[in-house]
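The structure appears right after this line, and notes come after that.
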Amino acid sequence: MQVYKIFVNRQGAYYIEVVKDDGTKRRVAETQKRYQEWLAAGNTPIEVPYVEIPLVDYKDNATSQVSGMAFSKREVLIPTYKLSNANQKRSTGETIYPQTMIDRYFDTVEAFRDEFYRLRDGINAAADYDAVDTVVASNNYPTVISL
């Protein structure tokens with residue numbers, strides 16, 4: 001038998017998760033047909049209330065989130081293989097890229113690093129949960145390769 005659980009977050013938003021007999025879990029949409037049929041059969045989902053975590057753990061999670069965001073956004077702009085190719089110049093003296101492109105890549109990586117440090121410092125200085133959320137939302141990672 002599968003069970004549906006409703007998880008509520010700190011802001012009051014929620015998501016629904018189905019838990020199957022074998023222990024597998026996945027999120028489902030409120031409008032999903034099987035979920036609607038399950039509700040129509042008279043079943044009730046289990047509501048899992050939000051449990052406040054300590055502010056220090058919330059800050060750690062937020063720092064991990066902005067770090068992951070930096071890497072994924074940088075990967076979109078400059079894939080890792082291109083950075084590896086650009087780094088080859090530093091170790092062997094030869095590269096497939098012109099020096100100006102290598103400089104642009106590393107300037108962009110530095111901009112990502114600087115933005116991450118700004119966000120990390122803002123998260124660490126935040127006095128409450130809302131301040132942490134505000135800092136995370138204020139991310140300003142590069143959207144183009146530096147010129």
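What percent do you get for the relative contact order of the chain when only Cα pairs under 8 Å and 6+ apart count?
Reported as a whole number, the value is 21 percent.
Considering the chain as a Gaussian network with a 10 Å cut-off on Cα pairs, which listed residue, S84, S64, S72, attains the greatest mean-square fluctuation?
Among S84, S64, S72, the largest GNM mean-square fluctuation belongs to S84.
About its Cα centre, how strong a charge dipole does segment 3-48 have in debye, to the nearest 20, once Lys and Arg get +1 and Asp and Glu get -1 at the Cβ?
Dipole size: approximately 160 debye.
What does the net charge come to around E47 if you take all other residues with beta carbon closer than 14 Å to its beta carbon, with K and R at +1 and D and E at -1?
-1
Regarding the chain, what is the average projected area of its C-alpha convex hull, in nm²?
Projected area, direction-averaged: 13.1 nm².
To the nearest 20 debye, what is the magnitude of the charge dipole of the chain about its Cα centre, counting +1 on the Cβ of each Lys and Arg and -1 on the Cβ of each Asp and Glu?
My answer is approximately 500 debye.
Excluding Q32 itself, what net charge comes from residues whose Cβ is under 15 Å from its Cβ, given Lys and Arg +1 and Asp and Glu -1?
+4
Under 5 Å between amide hydrogens, which residues at least 5 positions from V28 or on another chain qualify, with H placed 1.01 Å from N in the peptide plane?
Amide H to amide H, under 5 Å and 5 or more residues apart or across chains, V28 pairs with I16, E17, V18.
Which residue, A62, A137, A29, has the most motion in a Gaussian network model of the chain that connects Cα atoms within less than 10 Å?
A29
What are the GluC sites (Glu not before Pro) within segment 63-147 that DSSP puts in a loop, where the Cβ has at most 12 other Cβ atoms within 10 Å?
Qualifying residues, ordered by number: E94.
FYI, it's all coordinate maths here, none of it is from the lab. Please read all numbers here as calculations on a predicted model, not as lab measurements. Cβ: placed from backbone, ideal geometry, glycine included. Neighbour counts: every protein chain shown.
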